[in-house]
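Trainee: Structure incoming, see below.
Throughout, read-outs are computed from the coordinates displayed, never taken from laboratory work. All values reported here derive from a predicted model rather than from experimental measurement. Glycine also receives a Cβ, built like all others from the backbone with ideal geometry; neighbour counts cover every protein chain displayed.
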Amino acid sequence: MDGLEVSPFDGPLLALFEKRGAPLVSVPILQPADPYLDTAGEALRRRIFLTRGEGGENLCLRPDFTIPVCLSHLAERQALPRRYSYRGLIFRQQRSGPAEFIQAGVEDLGEPDLASADARAVADSLAALEACGVGAGMQTILGDQGLFEAFLAALGLPDGWQRRLIRTFGENALLGKAMGALARGAKPFTLDPALRDLAKAGEAGELTREIRVRMSEAGLPIHTGRSPGEIAARLIEKVAVAETRLDEGALEALRAFLSIDCSLDQARERLTSVAGRRGLDLGPALAFFEARNHALDAAMVDLSAIRYRAAFGRPLDYYTGLVFEVREPGSAEPLVGGGRYDRLLDYLGASEAVPAVGFSLWLDRVATLTGKDGR
Amino acid sequence: MTLTLALPSKGRLKDQTVERLAEVGIMVSSPEDARSYRANVAGIEGLEVLLLSASEIARELRDGGIDFGVTGEDLVRETIPDPDRSVEIVARLGFGHADVVVAVPEAWVDVEAMEDLDDVAAGFRQKHRRRLRIATKYARLTQSFFTRRHGIQSYRIVESLGATEGAPAAGSADIIVDITSTGSTLVANRLKVLSDGVILKSEACLVMAKRERAEADALLAAEIAARFD
């Protein structure tokens, strides 16, 4: 524990995490900044407190615990599966308001039973709120990127379109814009007619040679960035969909899917009804969704008290499935945020795929809500 | 009561600025001592004129060290966190034109617009085990264009100190965001500007730092601004 700031919830929370098999881990406040900029992206640069070490390395005050906990796990070469809990200060720049926040939470690494691990994260976060004295009546919202991806695949959309829509999942304005653009069809683009003919004919080999010539004329290194073959493949894909557009039926089905907003115990029915209208099969993604609901049920979570929103997600590319939030109804800021981030440990240099899920509590907000704000 | 105005200290930008000021009756002449950064002024009372580099002028405007400055809009928007709140562009001066643009290798024949770049950037990590790298001196402008305007998250900025346009060939970045006036440097380096890749059309501007001023100073500031109407 940092010992810098204590929250009134430390006792009950740490006891709960310990009992649930997630012992406390301590990580430095000063962290390398590159893992953050590499994973969350440059947009984070303005929101973290950056500094430089004597050797010129970028350092930052930790803006969250997930990345430090994962890095510490990798550095210690711990066996999997393993659960960690944490608690302490995080630091984020804002135009106004405070820059320090107390968080506590759990990271659950390497559990192969994904449905159970997901359910455990939701159940533990609800139990943690209860341990802090947060009463009933909070709103829990759950989303699942896996279902969205399965829906797009079932619609049979071209790969490039699927990628484009998945990138914006969770950002409704961007998603709506992308859907609109696909429905209008691609804008005409300039392209050397000879290349366009090769791309139309699917002549990957010849196209690759042409691109390689251009790269070597420009003195571009062939092996450190985009390769000629990669550029050729994407050009062929782009030319192939240039004259098609998202048809009205698919657009309508997508809209119907994204507008699903119901209690979790009714979600299966709604999903199969929306998919069924177009004869779509959501396959393993739906089966997994159900398995998770069973696991939630087994963990004594009341499905009827959780809201499933099909459009709820987080537009960070290492979030892969479950996302959830708990908030006071009407409040703009969550008390708990959590989700599955199966790609993060790979990004951070893990030698094998590590499924992972976690959540954090915003203890300052919890303190305000419960009237225990003693800071 | 004194206000300070900073002008670019050398080159064409300086000459054009001095000409433009003369047109509105502010006569600036170079100091007798060539090493001095304080110029002589005639035609207006209470104005002190400093000669600084264009990037220094943007920083001084940000830090409140000067009242007025002539510098490029690109530098103003890059250097000052919330420019619309802390400074006011009093006049666009009609010279020093340059665009801040997104440019990619010509060999990227599949990339013609930001939408293509979005797709390439998103898939980059999976294919190359690293993010797409953008070399630039304009980190702030790049970030707000890519992230706020286009919702692109997955890229890394490589801060460039020297010749940005050489970064793709040197292998230190994949694409660049840089300033161009005629485009010839880009063409020479086999780079192309994306069809919707103009981030900012910049020119030299007279910029005023917004702040509380004593009445006399405020009147003088208003008079200077009025001369450029």
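Trainee: For every other residue with a beta carbon closer than 14 angstrom to the beta carbon of A:R268, add +1 if it is Lys or Arg and -1 if Asp or Glu, then tell me the sum. Show your work: numbers first, answer last.
Mentor: On the way: positive: A:R270, A:R292; negative: A:D144, A:D265, A:E269, A:D281, A:E290, A:D297.
Summing Lys/Arg as +1 and Asp/Glu as -1 gives -4.
Trainee: Further, regarding this structure: Run through the DSSP bridge list for chain A and note the antiparallel percent, rounded to the nearest 5.
Mentor: Numbers: 41 of 45 bridges.
Counting DSSP beta bridges with both partners in chain A, the antiparallel share is about 90 percent.
Trainee: Under a Cβ-Cβ cut-off of 14 Å, what is the net charge of the residues other than B:I157 that fall near it, where Lys and Arg count +1 and Asp and Glu count -1? Don't jump to the answer; show the numbers that get you there.
Mentor: Numbers: positive: A:R45, A:R46, B:R130, B:R131, B:R133, B:K137, B:R140, B:R156; negative: A:D34, A:D38, A:E42, B:E78, B:E159, B:D174, B:D178.
It works out to a net charge of +1.
Trainee: Students often check this: by mean Cβ neighbours within 10 Å, which of A:153-162, A:181-190 ranks highest, and how do the rest follow?
Mentor: Peptide ranking by packing, descending: A:153-162, A:181-190.
Trainee: Within a 10 angstrom radius of each residue's Cβ in A:34-46, how many Cβ atoms of other chains show up on average? Whole number is fine. Numbers along the way, then the final one.
Mentor: Working: counts 1, 0, 0, 4, 5, 4, 2, 10, 13, 10, 3, 6, 6.
Other-chain Cβ atoms within 10 Å of each residue's Cβ, averaged: 5.
Trainee: Rounded to the nearest 0.05, what FRET efficiency do B:N40 and B:K127 give with R0 = 51 Å and r taken as the Cβ-Cβ distance? Could you check? Before the final figure, lay out each step's value.
Mentor: Numbers: r = 61 Å, r/R0 = 1.19.
The formula returns an efficiency of 0.25 here.
Trainee: Let me ask something else about it. Taking the Cα centre of segment A:193-241 as the origin, how large is its charge dipole in debye, to the nearest 20, when only Lys and Arg (+1) and Asp and Glu (-1) carry charge on their Cβ atoms? Provide the component values of the computation, followed by the final result.
Mentor: On the way: 8 positive and 7 negative charges, 24 e Å.
My answer is approximately 120 debye.
Trainee: For the ranges B:74-87, A:98-111, what's the packing order if you count other beta-carbon atoms within 10 Å of each residue, average per peptide, and put the highest first?
Mentor: On the way: B:74-87: 18.1, A:98-111: 20.9.
Packing order, densest peptide first, comes out as A:98-111, B:74-87.
Trainee: Treating cross-link reach as a plain straight distance, find the lysines whose alpha-carbon is under 29 Å from the alpha-carbon of B:K210, omitting any fewer than eight places away in the same chain.
Mentor: B:K10, B:K14, B:K137, B:K201
Trainee: Right, here's the next one. How high is the FRET efficiency between A:A194 and A:A153 when r is their beta carbon distance and R₀ equals 41 Å, given to the nearest 0.05?
Mentor: Once rounded, the FRET efficiency stands at 0.75.
Trainee: Peptide A:181-191: average number of partner chain Cβ atoms within 10 Å per residue? Don't jump to the answer; show the numbers that get you there.
Mentor: Details: counts 1, 0, 0, 0, 0, 2, 5, 1, 7, 4, 3.
The mean count of partner-chain Cβ atoms within 10 Å per residue comes to 2.
Trainee: Aspartates and glutamates within cross-link reach of A:K19: Cα-Cα under 13 Å, excluding same-chain residues under 8 positions apart?
Mentor: A:D124
Trainee: I've got another one for you. What order do you get for B:24-36, A:82-94 when each peptide is scored by the mean count of other beta carbon atoms within 10 Å, highest first? Provide the component values of the computation, followed by the final result.
Mentor: Details: B:24-36: 11.8, A:82-94: 19.8.
Going by the mean number of other Cβ atoms within 10 Å, highest first, we get A:82-94, B:24-36.
Trainee: Could you work out how far the C-alpha centroid of segment A:151-172 sits from that of segment A:16-48, in angstrom?
Mentor: 29 Å
Trainee: Only four residue types carry charge here, +1 at the Cβ of Lys and Arg and -1 at the Cβ of Asp and Glu. Report the dipole size of the protein assembly as shown about the Cα centre in Debye, rounded to the nearest 20. Working shown, then result.
Mentor: Values: 73 positive and 87 negative charges, 101 e Å.
Dipole of the protein assembly as shown, to the nearest 20 debye: 480 debye.
Trainee: Which residue, chosen from A:S360, A:F189, A:S227, occupies the Cα position most advanced towards the positive end of the dipole of chain A, where the dipole is computed from +1 (Lys, Arg) and -1 (Asp, Glu) charges on Cβ about the Cα centre?
Mentor: Going by the Cα projections, it comes out as A:F189.
Trainee: Between rounded, prolate and oblate, where does segment B:98-202 land on the alpha carbon gyration tensor, with a ≥ b ≥ c its root eigenvalues, rounded for a/c under 1.5, else prolate if a/b exceeds b/c? Before the final figure, lay out the partial values.
Mentor: Details: a/c = 1.38, a/b = 1.23, b/c = 1.12.
In terms of gyration-tensor shape, rounded.
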